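The values are calculated or read from the model by the stated rules, or taken from the named source; none is laboratory data. Since we're looking at a predicted model, the values are computed, not measured. When we count neighbours, we look across all protein chains shown, and the Cβ atoms used for this are built from the backbone with ideal geometry, even at glycine. Accessible surface is based on the protein model in full, side chains and every heavy atom, while ligands, DNA and RNA are left aside. Shrake-Rupley method; radii C 1.70, N 1.55, O 1.52, S 1.80 Å.
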Amino acid sequence: MPLTEQHTTRYADALMTLALAARRPASVVNTGIGYAVRVDFEHSIHLLATNAPGDLSSDPDAQHPWTVRFVQRQADGADTQLVEVTGEWLADAFDRALAALPIPGIGDDPETELSSPAGCVAPTPSG
């Protein structure tokens, strides 16, 4: 998918921003109607972030607001939207969407150790 690769390069800052904010990997995915930045969470929940109607803009410098949606996959395979927030900045929209989630604990630190982008294991508190 050539647009996936192009958007991954074009939106490297957005991918890093969400990966750091969510403390989970972020990637560009084809949603079937466009492209989005995606982060997977527990309980079959994932986040989709776009900066154009249902899609990623081909111009990352365009002045489009970011829309962050949390979606939960149901047992029957259907997706249910839990929260949708739009904001000028991706990090702010993410924070507001996370705060509005009706399921507590989503976005907490995963129980497994995280690796930095350089491949180093994050330090764990000693005690």
I need the trypsin sites (Lys or Arg not before Pro) found in region 1-42, filtered to DSSP loop residues with at most 16 other beta carbons within 10 Å of theirs.
R23
Once you have the Cα-Cα distance between T4 and Q74, take 0.36 nm times their residue separation minus that, and quote the gain in nm to one decimal.
22.6 nm
Carbon/sulfur fraction of accessible area - region 1-109, other protein chains in place, 1.4 Å, %:
51 percent
